[in-house]
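**Q** The structure's right below; bear with me while I get my questions together.
The values are calculated or read from the model by the stated rules, or taken from the named source; none is laboratory data. Please read these numbers as outputs of a predicted model, since none were measured by experiment. Quick reminder, even Gly has a Cβ in these numbers, built from the backbone with ideal geometry, and neighbours come from all protein chains shown.
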Amino acid sequence: MLIEEKIRVNPVTLRFINSSTSLEPGFMEHYFRLSLPVFRWGFGLGILLYAFFGFLDAVTMPDAKYQLWSIRFFLVIPTLLSGILFSFHQDFQKFWQPTIALLILVAATGILLMIIVGYPPNSYHYYVGVILVLFFSFAFIRMRFVWALPTALIVLTLFEITVLKITSFPFPVVFRSSFFLVSAIIIGAVACYIMEYYARKNYFLMVSLDKEREKLSSINIQLQDRLKELKKAHKEIKILSGLIPICAKCKKIRDDQGYWNQIESYISKHSSVVFSHALCPECAHRLYGHERWFRLADQITSDTSI
């Protein structure tokens, strides 16, 4: 039974392999349909949060708030809105995962630009925004593992370049922020991997159950056909217990179609009886005479079964 088979996936990409390879296109279609509403509502919520954190800019770095707001409201948020609008295009499914990766990179890059534009020591804490973006990509919008992990590594690389080459953060700050960022990537990557694996496993079980239902349906149809045959046979067998027209002279039997059949043929057709032939004593006497019928009857009886 298919339901007893094990799911076969690539341990790195999580794509279906071996006997499960044929499931990959169907899974991607299924996963996309489930993820599309999550994509739209998720990035809608992300836009609201990204805009809400503009209050943080005004509180922590009031002298640079207009530059920070320009990044938030004129670069990142319009890009995220464009991504949501693109999701209504008929070809969006082809570019679904790359689009998510691009939007995550834009959101993370916006925070890195804020770190560059801002001033220390308040700008040191903006790396937390990068962690939030990574958690958002790993665990909230159904980003596939093979896209989420490389995207996170690119964000980490851009962050290290920003804090080491562009802003020259103090080493303790770089070490602390990098430590938390790497930890967030590890945790998020594991969560993303597990969620996609179980999404694939659930799809595998769903397809397996559907095939088992088809098998059971086919068996049920066969059983119904067999039941009809048995009912028909039972009906024919019951005819033998009813009124049977039989010729008073030759003993032929008339069937339901009006044909006359030999009694042996009729009974054999409507039951499991098989006939063999012998002579009764009266017929043997009438055919062969009084002197020979005992001997002939004994011989016939020993050679045939009644």
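Results for (1) within 30 Å of residue 7 (Cα to Cα); (2) in a helix (DSSP H, G or I); (3) modelled with pLDDT under 95, shown as yes or no for each residue.
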position: 146; (1), (2), (3): yes, yes, no
position: 150; (1), (2), (3): yes, yes, no
position: 157; (1), (2), (3): no, yes, no
position: 164; (1), (2), (3): no, yes, yes
position: 173; (1), (2), (3): no, yes, yes
position: 185; (1), (2), (3): yes, yes, no
position: 205; (1), (2), (3): yes, yes, yes
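**Q** Sticking with this structure for a sec: Determine which member of the set 229, 236 is at pLDDT 75 or above, acidic (Asp, Glu) and outside any loop (DSSP other than H, G, I, E, B).
**A** 229
**Q** Does residue 168 fit the bill of being outside any helix (DSSP H, G or I) and of a type in the set (Gly, Ala, Ser)?
**A** Numbers: outside any helix (DSSP H, G or I): yes; of a type in the set (Gly, Ala, Ser): yes.
Criteria met by residue 168.
**Q** Under the condition of being without any contact (Cβ under 8 Å) to a residue 40 or more places away in the chain and within 29 Å of the chain's Cα centre (by Cα), which residue from the range 93-116 is nearest to residue 132 (Cα to Cα)?
**A** Restricting to residues being without any contact (Cβ under 8 Å) to a residue 40 or more places away in the chain and within 29 Å of the chain's Cα centre (by Cα), the top hit is 102.
**Q** Could you list, in sequence order, the residues of the range 147-166 that are surrounded by 19 or more Cβ atoms within 10 Å (Cβ to Cβ) and farther than 28 Å from residue 96 by Cα?
**A** 162, 163
**Q** While we're looking at this one, here's another question. Answer yes or no as to whether residue 94 is surrounded by fewer than 13 Cβ atoms within 10 Å (Cβ to Cβ), in a helix (DSSP H, G or I) and not small (Gly, Ala, Ser).
**A** Yes: the conditions hold for residue 94.
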